[in-house]
Amino acid sequence: MKRSNEPVAWGLFGAGGMLLALVGPGLVVATGFLLPFAEPAAAFHAVDALIAHPLGKLLLLAAIALPLYHTVHRLHHGLQELHAPLPHGLVALLCYGSATVLTIASASWLLVR
Amino acid sequence: MTRKPYRAPQRWSWWLKNPAYRRYLLREATALPLFIYALVLVTGLYRYTQGQLAFTRWLEALQAPGWLVFHAVAVAACVLHAATWIELVPKLLVVPGISGRSIKRGHQVAALIGSALVLGAALVSWPLAGGAS
């Protein structure tokens, strides 16, 4: 029998759900309402300093990748539960595939600094 | 595995009639604004790699009323997500000697502290320019 990928997907889903529960509301207020109205040069240098530090890179990657995997997992299962007339395998590929591509892209952008 | 499992017919609108099902789907729907929010963060990181000017353009774009409304929706979705997620934690995390209620309380306190820490760090490192620039 084919081995299921579900435990891996659920592990990332769970980690993303916990991250969003513990720091999510603060994070959205910070980047959605505070960052855009900060002094632009100071905002850039603060983000630059965060990304310059290895731990900062790791935190940012976690803040991007885990919520991505969490949300695509819920969207994927939600579409199934609503009986969306879409091929199941294709939806799964698009969901987890986009999360993986964006995670790799983000990691590479973080590493160029 | 059955070769031809029977699948009971179900309409797409099965969740509309029962308030518990509606709450369940609302909880699942929090994923949509939060997914878009993650895309916003990815865009910001990409604009950062293009340099300070591009990053500043991204910040200015986020000052648009549409994005402010979106972020308000995202905050509400995230708070709903956090509340319902922590409600479920005691069912998944069973520690002998610690009651489910204590585990839930602990996570609620951790979430308040966690979000406050992120906000505090943001306020310290990003001096507000006093409105749109």
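Read-outs throughout are calculated quantities, based only on the coordinates presented, and are distinct from any laboratory measurement. The structure presented is a predicted model; accordingly, all values stated were derived computationally and were not measured. Glycine also receives a Cβ, built like all others from the backbone with ideal geometry; neighbour counts cover every protein chain displayed.
A few points about this structure:
- Summarising the amide proton neighbourhood of residue A:38: residues at separation of 5 or more, or on other chains, whose placed amide H is nearer than 5 Å comprise B:129.
- For the protein assembly as shown, the mean projected area of the C-alpha convex hull, equal to one quarter of the hull surface, is 16.7 nm².
- By the combined test of axial Cα extent (at least 20 Å) and Kyte-Doolittle hydropathy (mean at least 1.0), the qualifying DSSP H helices of chain A come to A:6-29, A:88-112.
- Only the Cβ atoms of Lys and Arg (+1) and of Asp and Glu (-1) were treated as charged; on that basis the dipole of chain A about its Cα centre amounts to roughly 300 debye.
- Under 15 Å, Cβ to Cβ, from residue A:57 - net charge with Lys/Arg +1 and Asp/Glu -1: 0
- Extending 7 Å from the Cα toward the beta-carbon at both residue B:76 and residue A:100 defines two label points whose distance is 3.6 nm.
- Chain B: DSSP helices with Cα axial extent of at least 24 Å and average Kyte-Doolittle hydropathy no lower than 1.0: B:31-49, B:65-92
- Cα gyration tensor shape of chain B, rounded if a/c is under 1.5, else prolate or oblate by comparing a/b with b/c: oblate
- Gained length - residue B:6 relative to residue B:56, 0.36 nm times residue gap less alpha-carbon distance: 12.3 nm
- Dividing the mean sequence gap of close Cα pairs (under 8 Å, 6+ apart) by how many residues the stretch A:6-112 holds gives a relative contact order of 38 percent.
- For chymotrypsin sites (Phe, Trp or Tyr not before Pro), the sites in the stretch B:6-88 that DSSP calls loop and that have at most 12 other Cβ atoms within 10 Å are B:6, B:12.
- Other-chain or far-sequence residues with amide H under 5 Å of residue A:82's (modelled H): none
- When the Gaussian network model of chain B links Cα atoms closer than 10 Å, the mean-square fluctuations of B:17, B:91, B:104 top out at B:17.
- Helix-only CD estimate at 222 nm, as mean residue ellipticity for chain A, using -39500 (n - 2.57) per DSSP H run (n ≥ 4): -28000 deg cm²/dmol
- Calculated FRET value between residue B:123 and residue B:46, using beta carbons and R₀ = 35 Å, to 0.05: 0.90
- Calculated mean residue ellipticity, 222 nm, chain B: -24000 deg cm²/dmol, from DSSP H runs (n ≥ 4) at -39500 (n - 2.57) each, averaged per residue and rounded to 500.
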